[in-house]
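Beneath this line is the structure, given in structure tokens, with notes to follow.
The values are calculated or read from the model by the stated rules, or taken from the named source; none is laboratory data. Every value quoted in this text rests on a predicted model; they were computed, and no experiment measured them. A quick note on method: Cβ atoms are made from the backbone with ideal geometry, for glycine too, and the neighbour counts reach across all protein chains shown. Areas reflect the complete protein model, heavy atoms only, side chains present, ligands, DNA and RNA absent. Shrake-Rupley method; radii C 1.70, N 1.55, O 1.52, S 1.80 Å.
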Amino acid sequence: ITGLVGISLDITDRKAIEAQLAQREKLYRLISENSQDVISINSLTGVFEYISPSCVSLHGYTPEELIGRNGLDFIHPDDARVIASQTGVILDKMKRGEPLEPMQFRLASKHRGYV
């Protein structure tokens with residue numbers, strides 16, 4: 001052996017931040033999974049990436065039935081057109097961190113049609 005090269009890094013801060021993030025994720029998941037409201041995360045194209053288990057009691061669909069499907073497919077066609085026309089405005093407000101106005105629309109229920 002003619003030489004040795006080594007690098008040492010103190011990753012204490014990084015590990016602490018990772019632990020905090022993991023703890024917060026557990027907390028948010030606990031809140032989401034026990035909320036009576038439906039909480040979803042959708043892609044920019046509207047595809048469900050996550051939806052809370054409360055969707056079963058409110059709409060009759062399980063999360064497994066909805067994840068990977070487009071949320072607009074479950075909104076009454078007349079209401080979906082209005083929402084689709086507002087998508088740009090909604091995304092701009094979200095990017096700026098501005099609050100969104102509440103929107104009302106009819107959703108498909110697995111057993112009761114649109115409610």
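Residues checked against (1) within 19 Å of the chain's Cα centre (by Cα); (2) in contact (Cβ under 8 Å) with a residue 12 or more places away in the chain:
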residue: L66; (1), (2): yes, yes
residue: F74; (1), (2): yes, yes
residue: D79; (1), (2): no, yes
residue: K93; (1), (2): yes, no
residue: M103; (1), (2): yes, yes
residue: L107; (1), (2): yes, yes
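Can you give me the number of residues within the range 43-70 that are surrounded by 13 or more Cβ atoms within 10 Å (Cβ to Cβ) and either among the β-branched types (V, I, T) or under 24 Å from L27 (Cβ atoms) (or both)? Break it down stepwise before answering.
From the range 43-70, those surrounded by 13 or more Cβ atoms within 10 Å (Cβ to Cβ) are 46-48, 50-56, 58-63, 65-67, 69-70; that's our starting set.
With either among the β-branched types (V, I, T) or under 24 Å from L27 (Cβ atoms) (or both) added as a condition, the list becomes 47-48, 50-56, 58, 62-63, 66-67.
Residues that pass the stated criteria total 14.
Run down G88, G97 and say which single residue is of a type in the set (G, A, S) and at pLDDT below 90. Can you show your working first?
Numbers: G97 fails: at pLDDT below 90.
Result: G88 is the single residue among G88, G97 that is of a type in the set (G, A, S) and at pLDDT below 90.
Going by the structure shown, is I83 among the β-branched types (V, I, T) and open to solvent by less than 40 Å² (accessible area, probe 1.4 Å)?
So I83 fits the description; yes.
Quick grid of which residues meet (1) over 22 Å from Y114 (Cα atoms); (2) hydroxyl-bearing (S, T, Y); (3) touching a helix residue (DSSP H, G or I) at 6+ places or on another chain (Cβ under 8 Å):
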site: G6; (1), (2), (3): yes, no, no
site: I11; (1), (2), (3): yes, no, no
site: A19; (1), (2), (3): yes, no, no
site: Q23; (1), (2), (3): yes, no, no
site: L27; (1), (2), (3): yes, no, no
site: S32; (1), (2), (3): yes, yes, no
site: E49; (1), (2), (3): yes, no, no
site: E64; (1), (2), (3): no, no, no
site: S85; (1), (2), (3): no, yes, no
